[in-house]
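Report on the structure given below.
The values are calculated or read from the model by the stated rules, or taken from the named source; none is laboratory data. The structure presented is a predicted model; accordingly, all values stated were derived computationally and were not measured. Cβ coordinates were reconstructed from backbone atoms using ideal geometry, including for glycine residues, and neighbour counts include every protein chain displayed.
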Amino acid sequence: MSIRNIFTLLVHDLKMCLKSFLIFQLFLAPLSLWLIIYLVFGQMSIGDPKIGLLESENSRLVQPFVQNAQVSRYEAQDDMLGKLEAGKLDMAIILSPGFDELVNSSIEAEMKIFIGGSSPLQRRVQAFILLQKGVMALQNREPIIEITTEPLGEADIKPWYYRLLPLVVLIAVMMGGIFIPATSLVDDKQRKTLQALLAAPVNINEVLWVKMLLGGIVSFLMGLMILALNRSLSINTAPLLFVLAIIAMSASCFGCIIGFVSRDMKSVTTLAQSLMLLMYAPAILNLFPMVPGWIQKLFPTYYFFSPLLKLSDGSFKSVDAWEIAALLGIFVLFQTILLVVINKRVALYLVPRTLRR
């Protein structure tokens, strides 16, 4: 194989790919899905508690609110309470003048707390936790009460956002890895470009690596985009990128198989849609904790997202190394299947149509 031929063809295909509207659709689809899930189930849907304070309140009691909440200061008490009634604040705090000095002198001090009844319960709980921290900071002692959340039952309880994330990652990686090389190969066959390349001093292995690298780059960038948006790149960065690269190349290899066996763009879409449920099945089953985990492991695409998520959240252990070994085995299997497909199909592109008849 010639590295120069591969590089030249790859640059040409990348330019053609950037001119196609398909590349923007492929990036836009998982990005839109992630944004919807983040807005509906993520922290943005709840947000930090909104606290109202008067301008004169600079007590140590309110310092945790200033550091961990959305604080709005008002000059007039009526104005602040009006915002609270309108649902724009979760809590309003009014302290008596010289509140810190009165408390330290063991003199009675007044603190009024107003709660917005229409505010989300989670924000109100967060506000009271911050209030407790402020009281402890004012008294210069450790908290006497620690609030923790403990789920009941033996099931592994995860928020919907984290249960849907594997599906988004899998969609991002598979869409780029399948459609880019598959559509590029079909387009070359329809335009007779593939026959021209094989007749030139370019062999089928060089064409194959160009298509795999093209799909692998797009798939890698799409997966990297979702992981970066989820802030999952700070832990195990190097192993995470390595695994993502193997996954991207495996998906791209599968895309090359589809591209070689498909006759036109409609065939690519039909074949990809028919395999969609099989590809996304483990991520869909992940949404239901009652489903035994071993069922997900029966699907090859389970090993596409499981190592990624475990590496990104720091839960990957030495006993999980077999998942990476399985991923490498899937990549080798796809390569073997692709070589078999090439041996059966490449002769059709080298023999003129009249001779085949």
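In region 234-258, the residues that are in the same structural domain as Tyr303 (by TED's automatic domain parsing) reach residues that are of a type in the set (Asp, Glu) with C-beta atoms within less than 8 angstrom, at least six apart or across chains, in these pairs: Ile235/Asp313.
State which residue is nearest to Leu224 (Cα to Cα) when the search covers only region 283-301 and only residues that are touching a helix residue (DSSP H, G or I) at 6+ places or on another chain (Cβ under 7 Å) and either surrounded by fewer than 13 Cβ atoms within 10 Å (Cβ to Cβ) or without any contact (Cβ under 8 Å) to a residue 60 or more places away in the chain (or both). Outline the logic, then answer.
Taking region 283-301 and keeping what is touching a helix residue (DSSP H, G or I) at 6+ places or on another chain (Cβ under 7 Å), we get 283-287, 291, 295-296, 299-301.
Imposing the further condition that a residue be either surrounded by fewer than 13 Cβ atoms within 10 Å (Cβ to Cβ) or without any contact (Cβ under 8 Å) to a residue 60 or more places away in the chain (or both) reduces the set to 285, 291, 295-296, 299-300.
Working: Leu285: 23, Val291: 29, Ile295: 27, Gln296: 23, Phe299: 23, Pro300: 21 Å.
That would be Pro300.
Being of a type outside the set (A, V, I, L, M, F, W, C), in contact with a strand residue (DSSP E or B) (Cβ under 8 Å, 6 or more places away or on another chain), modelled with pLDDT of 80 or more and assigned by TED's automatic domain parsing to the domain that holds Gly52, is that true of even one residue in region 95-104? Within region 95-104, one or more residues are of a type outside the set (A, V, I, L, M, F, W, C), in contact with a strand residue (DSSP E or B) (Cβ under 8 Å, 6 or more places away or on another chain), modelled with pLDDT of 80 or more and assigned by TED's automatic domain parsing to the domain that holds Gly52.
Among residues that are in a helix (DSSP H, G or I), modelled with pLDDT under 90 and either surrounded by 15 or more Cβ atoms within 10 Å (Cβ to Cβ) or of a type in the set (D, E, K, R) (or both), Phe304 is included. Is region 3-16 home to any residue that is over 23 Å from Gly223 (Cβ atoms) and acidic (Asp, Glu)? No: zero hits.
Comparison of Met111, Met174, Met222 shows that the only residue that is modelled with pLDDT of 80 or more and over 30 Å from the mean Cα position of the chain (by Cα) is Met111. When both residues are 6+ apart or on different chains and their Cβ atoms are under 8 Å apart, which pairs have a first residue that lies in region 324-347 and is assigned by TED's automatic domain parsing to the domain that holds Leu308 and farther than 15 Å from Tyr302 by Cα, and a second that is in a helix (DSSP H, G or I) and at pLDDT below 80? From residues that are assigned by TED's automatic domain parsing to the domain that holds Leu308 and farther than 15 Å from Tyr302 by Cα, the pairs are Ile342/Ile204; Val346/Leu198; Val346/Ile204. For region 307-323, a residue qualifies if it is free of Cβ contacts under 8 Å to residues at least 24 places away in the same chain and in a helix (DSSP H, G or I), and the qualifying residues are Lys310, Ser318, Val319, Asp320, Ala321, Trp322, Glu323. Taken over region 23-32, the criterion of being surrounded by 14 or more Cβ atoms within 10 Å (Cβ to Cβ) and more than 12 Å from Met225 (Cβ to Cβ) is satisfied by Ile23 alone.
In region 165-200, how many are of a type in the set (D, E, K, R) and part of a helix (DSSP H, G or I)? Total meeting the criteria: 3. Read through the list (1) in contact with a helix residue (DSSP H, G or I) (Cβ under 8 Å, 6 or more places away or on another chain); (2) of a type in the set (Ser, Thr, Tyr); (3) more than 18 Å from Met212 (Cβ to Cβ), then give the number of the only condition that Ser252 fails. Result: Ser252 passes all but (3). Checking each residue in region 233-247 for being surrounded by 21 or more Cβ atoms within 10 Å (Cβ to Cβ) and out of contact with any Pro (no Cβ under 7 Å at 6 or more places or on another chain) picks out Leu240, Leu244, Ile247.
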